[in-house]
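Below: the structure, in structure tokens.
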Amino acid sequence: MRLTPFAIAAGLVLASSTLHAQPQQPVVSEVPLRAHLAFLADDLLEGRGTGQRGGELAVRYLETQAAIIGLKPLAGAGYRQPVRIEGSKLLEGSALRFDTGLQVITPAIGSEIVFGTASGKSEVQFDAPLVFVGYGVRAEEEHWDDYKGADLKGKVLVMMVNDPQPTAEEPNRFAGKAYTYYGRWLYKYEEAVRQGAAGVLLIHTTPSASYPWSVPANGFSHERFHLAGAGNPVEGWLQEDTARALFAAAGQDLDALRARAETRAFAPVDLNIKVHAEVRSAIRQVEQFNVAGVVPGTDPKLKAEAVVYSAHWDHLGMDEGARRDDPTDHIWNGAIDNASGSAALLAMAAEAVKHPARRSQVFLWPAAEEQGLLGSAAYVQQPLWPLNKTLADLNLDSMNFVGPTRDIGVAGAERSSLIDTAGQVARKMGLKLAPSVPDLSGAYFRADHFNFAKAGVPAFNVGSAVFSGDGYFEFAHDQQASSAKMVAFKKDYHQVSDEYHADWDLSGMVQQAQFTLNLGYALANGNAMPTWKAGDAFGKVKR
């Protein structure tokens, strides 16, 4: 007999109220983890979309389970922390037209260009010059400035994704082949705002973005969200072939400009193209919620300090206007990304409540991660636990659904003393730390822990190969087949096919959750707070 999601949830309530002998150490159980995962990824929750009914159901489920488990409320009298965001959905009749003087080019929305507004205005219209600004980077520590003091107010900036590439003379500039925050689309949009631009368009290539065109295309086909406040009047992406044709129509060579942009001497280039923007959007103000609870510490003094475990609850939701009886799949379930992490945190919290540590332990489910890490950004702006009393954020996002491994991914832990503690915990579990590889996709900057790092709190995503999709990890059984399953997840990432499967081997997911909980306990029961490694960029941020 197939259990319904409601039967699973009811079973969890019953199980949690049943008295049984408690283990001496917190041990994460697969049964509740799987049950939570199956429920959160079910069609009933409609993809847990930001500003959608499914998201409201997910929050209600998480706070109910937090209460059943015995977590103490952290946000006043309840488990919810409000996150006020602004939604924007592009409407028909919108277009960006590019006038080269000889012809007007109107790229097709979806296949050639995607865009929207973060201005909060339902109508955005302007004519503005199009300016190529290379990578769009200002990095004092790298002695790099693509803007050179140019007046770019009211102009549309077109730029490349990723960082300036290493050279034979400077193999380590911008972290060598690895990604830095300057390569991320979020940074580039933020810098365009600082420049006073009317708009910003990123040139997409799969290698530079580390994901295919379908990712921004799908993202912009849904309602997009940002924290309420001033953003770019227009922001979006250009498909590479479209950018190449557009530049050529104006007598410019995209590849030649790219080559110029690899040098510090680069300065903005006016493309002699006028952009005519007509952007019509449905704008709404939305209140979403982070969910948070705490296991208070036992030490009279140290309980004022806390370890944070986090995992975002949202995914891309359900296509607007889709009927629930429509046989076409319109639900972006997000089973791995990130019902897996949300479920793991519930299973971990259930054990943590039974065995409090010396320091407190905060369990945080941020909202709107898929919209640009908005829930965690709101949390660090108004932290429910003082940041200067927060030891670390251990984040779970897109977990291992294939099987157990002999190693554990800790990419980003090397930035702080967390790497040393992680190594000790791994050895006690009979594991080794996964080999360090260049962060070619900017994974460190793509999950909620990054907002903690920006605020000065040592943090990383406790990883598996799911998040990188590169199959670097050493599986305990059938390496070739297991790695192939992991790598194959690339085709499901941010697609409707990211669905729960009852035949998944979750032993690797349990292993990952157990490692994270063990690491949290090592920190919560330790003698000192973690510290950043000397010279790390985020170590300069004051908490």
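Computed from the coordinates by the stated procedures, all read-outs in this text should not be read as laboratory data. Note that the structure is predicted; figures quoted are calculated from it, not measured. Cβ coordinates were reconstructed from backbone atoms using ideal geometry, including for glycine residues, and neighbour counts include every protein chain displayed.
Give a quick list of GluC sites (Glu not before Pro) in region 158-255 that DSSP marks as loop, anything other than H, G, I, E or B, with at most 10 other Cβ atoms within 10 Å. The partial results should precede the final answer.
Details: sites: Glu169, Glu190, Glu191, Glu223, Glu235, Glu240; in loops: Glu169, Glu223.
Passing sites in region 158-255 are Glu169.
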If one compares the long axis through the Cα atoms of helix 53-69 with the longest principal axis of the Cα atoms of the chain, the angle in degrees, nearest 10, works out at 30
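Let a ≥ b ≥ c be the square roots of the eigenvalues of the Cα gyration tensor of region 254-389; is it rounded (a/c under 1.5), or, if not, prolate (a/b larger than b/c) or oblate?
Working: a/c = 2.71, a/b = 1.54, b/c = 1.75.
Here region 254-389 falls in the oblate category.
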Taking 0.36 nm per residue of separation between Ser214 and Asp253 and subtracting their Cα-Cα distance, the length gained on full extension comes to 11.5 nm
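Return the loop-located trypsin sites (Lys or Arg not before Pro) in region 224-327 (DSSP other than H, G, I, E, B) with at most 14 other Cβ atoms within 10 Å of their own Cβ; answer none if there are none. Could you put the intermediate results ahead of the total?
Details: sites: Arg224, Arg244, Arg258, Arg260, Arg264, Lys274, Arg280, Arg284, Lys301, Lys303, Arg323, Arg324; in loops: Arg264, Lys301, Arg323, Arg324.
Those that pass, being in a loop and sparsely packed, are Arg264, Lys301, Arg323, Arg324.
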In nanometres, the difference between 0.36 nm per residue of separation and the alpha-carbon distance of Ala228 and Gln479 is 85.7 nm
Of all C-alpha pairs within region 88-283, those more than 23 angstrom apart amount in percent to 40
Helix 340-354 sits off the longest principal axis of the Cα atoms of the chain, rounded to the nearest 10 on a 0 to 90 degree scale, by 30
Helix 240-249: inclination vs the chain longest Cα principal axis, degrees, rounded to 10, gives 10
Length-normalised contact order of region 168-309, Cα under 8 Å, at least 6 apart, in percent, tallies to 18
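Could I get the Rg over Rh figure for the chain? Both from C-alpha atoms, Rh via Kirkwood, rounded to two places.
Values: Rg = 23.5 Å, Rh = 24.1 Å.
Taking Rh as the inverse mean 1/r over Cα pairs, Rg/Rh reads 0.97.
Going down the list Lys89/Lys188; Lys188/Lys490; Lys188/Lys485; Lys121/Lys490, which pairs span over 28 Å between their C-alpha atoms?
The answer is Lys188/Lys485; Lys121/Lys490.
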